[in-house]
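Reading through the structure tokens given below for one structure.
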Amino acid sequence: MIRDAAGDPGLATEPGDWPSGGSMPRTNHRGARSLVVVAGLFALFLGLPVVTLVAHAFLDGALGRALSSAAVLAALRLSLITTAISLVATVALGLPLASVLARRRFRGKGWIEAVVDLPIVLPPAVAGLALLLVFGRRGLLAVPLDVLGFSIPFTTIAVVLAQTFVSAPFFIRSARTGLAGVDRDLEDAARVDGASELQLFRAVTVPLAGTALAAGLVMSWARALGEFGATIMFAGSVTGRTQTLPLVVYSEFQGGDLDQSIAAASILVLAAFGVLLAVRVFHWGRVFDARGAA
């Protein structure tokens, strides 16, 4: 008789007692089917509204009309430019911060991590109001900004700041996890070979954490592209200057043009889906690994 892990003979059976002449018992098919049904229903819940929106835009011809609209094209161009700038700023400033949080131990580290993650859970309108209280004309930094001749609120710079504020934590969280998982022995071997810290970071650390960094980039860009609340509170909605594509969706809906609003929203969906699809098809996360191997 076969005993179980605890040595109890009453909880195990002979191989001959198993179905199919001694094979292991199979998974409960009824439970597996239930799991598949629940998973399928929830996937349908997540995908059906988006598919319906895009299909509506295509079938009604609204998407073609939106792409010929000057306001929509201007908003799309502004969204692409500002998100590109915010992504560069996020990487340039967020990667060193993620490296410090992943590699160093110091007093107050937990508080800094909490502050960095806070914009993720803040309501977007609250984030916009907070930015206004710091960079506004009567904000905390109003005097030094006036001396330098800068007026940030309701400008394109405000759009970039709002996008960076709400999207950077996604990159920093992912980068922090990826950098913390890099094998320190490989880095020590590179130091023995004479690599400087900058060479080590560029040629060893970043390639090994490449998948996490790429995932953080995608999530950060997608969050910046869809940013609405902080932008409208801090930058307003001025056509050609601060009106990004999410603001067009809102303004057209408020103005009663549902088709134009749906078309602008479908452009956002297709842009975000295109990036996520490209990451999976072309395995962008492995680009870093390939460079590191080279």
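Bear in mind that the values in this text are calculations on the coordinates, not laboratory data. What you see is a predicted model, and the numbers here were worked out from it, not measured in a lab. A quick note on method: Cβ atoms are made from the backbone with ideal geometry, for glycine too, and the neighbour counts reach across all protein chains shown.
How large is ³J(HN,Hα), in whole Hz, for each residue of the range 137-142 in order, when computed from phi with the Karplus curve 6.51 cos²θ - 1.76 cosθ + 1.60 and θ = phi - 60°, using x for Gly and Pro?
With the stated coefficients, the range 137-142 comes to 5, 10, x, 4, 9, 4 Hz.
When the chain is fully extended, how far beyond the present Cα-Cα distance does Leu277 get from Arg202, taking 0.36 nm per residue of separation?
Contour length minus Cα-Cα distance gives 24.3 nm.
DSSP H helices in the chain with Cα extent of 18 Å or more along the helix axis and mean Kyte-Doolittle hydropathy at least 0.5?
29-59, 70-103, 109-121, 156-180, 210-225, 258-282
For the range 180-239, report the convex hull volume of the alpha-carbon atoms normalised per residue, in Å³, without decimals.
Details: hull volume 7.2 nm³, N = 60.
Output value, Cα hull per residue: 120 Å³.
Among 29-37, 125-133, 110-118, how do they line up from the highest to the lowest mean number of other beta-carbon atoms within 10 Å? Provide the component values of the computation, followed by the final result.
Details: 29-37: 9.9, 125-133: 18.4, 110-118: 12.1.
Descending mean neighbour count gives 125-133, 110-118, 29-37.
Using Cα-Cα distances under 8 Å and only pairs 6 or more residues apart, what relative contact order does the chain have, in percent?
Numbers: 337 pairs, mean separation 72.3, N = 294.
Normalised by residue count, the contact order of the chain is 25 percent.
For the range 49-96, what is the largest minus smallest coordinate of the Cα atoms on each principal axis, given in angstrom and ordered from greatest to least?
Dimensions of the range 49-96 along the principal axes of its Cα atoms: 47, 27, 8 Å.
For Arg184 and Phe106, FRET efficiency with R0 = 25 Å and r from the beta-carbon atoms, rounded to 0.05? Intermediate values should be presented prior to the final figure.
On the way: r = 18 Å, r/R0 = 0.72.
It comes out at approximately 0.85.
Compactness ratio of the chain: Cα Rg over 2.2 N^0.38 Å, N = residue count?
On the way: Rg = 25.7 Å, N = 294, 2.2 N^0.38 = 19.1 Å.
That ratio works out to 1.35.
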